[in-house]
Amino acid sequence: MKRKFVVSDPEKCTGCRLCEMVCSAEKDGEFNPLLSRIRTVQLDVVVNMSLACRLCENPTCVRSCPRKALSVDEKTGVVLVDDGKCSGCGWCIEACELGVLLLHPVKKVVVLCDLCGGEPKCVEFCPKDALELRTTEEIAQKIRSEAVRKLLVEEL
């Protein structure tokens, strides 16, 4: 099964950060972007993008945990955190190439996107439809299609 994860389209994302609010409300019962498992970053003056766990095939975060608090759900690819084992040391946070793992400011354990059980609320409530569930193959195909379209437009 191909792993789907939350992807942001920077051409649609306005930087409203509603995804962060929805995530924190779903996971912690309050509207607080510091508790969100998705982060909106400003790439340029007018370019924004939201980032969440990409469900790596062989996650460095899982491999780096000295207490074996992180594991991968074989069916979904979601990285699971055993709160009882997590000491909040931050090794996994440092190991993540995308910087999408966070230390929960109250619980002091690592948190990351778990896709809300397969139906991410951030995707559901994004007002600009900038968030989607996609596989790496779908993303690559979209990039190839856009490149071909741009080439054809340039030739005209």
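Listing for the model above:
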quantity	calculated
Matching option when the condition is more than 26 Å from VAL47 (Cα to Cα) and modelled with pLDDT of 95 or more, among LEU112, LEU103	LEU103
Qualifying positions in the range 63-83 - surrounded by 18 or more Cβ atoms within 10 Å (Cβ to Cβ), at negative phi and in contact (Cβ under 8 Å) with a residue 24 or more places away in the chain	CYS65, ALA69, LEU70, VAL78, VAL79, VAL81
Filter pass, THR14 being closer than 17 Å to ASP129 by Cβ, surrounded by fewer than 14 Cβ atoms within 10 Å (Cβ to Cβ) and polar (S, T, N, Q)	yes
The one condition in (1) touching a strand residue (DSSP E or B) at 6+ places or on another chain (Cβ under 9 Å); (2) more than 24 Å from ASN48 (Cα to Cα) that ILE93 fails to fulfil	(2)
Selection status of LEU55, touching a Phe, Trp or Tyr at 6+ places or on another chain (Cβ under 9 Å), of a type in the set (A, V, I, L, M) and part of a loop (DSSP other than H, G, I, E, B)	yes
Criterion (surrounded by 12 or more Cβ atoms within 10 Å (Cβ to Cβ) and not hydrophobic (A, V, I, L, M, F, W, C)) met by exactly one of LYS128, LYS108, LYS150	LYS128
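The values are calculated or read from the model by the stated rules, or taken from the named source; none is laboratory data. Note that the structure is a prediction, hence the values are computed from the model and not measured. Cβ: placed from backbone, ideal geometry, glycine included. Neighbour counts: every protein chain shown.
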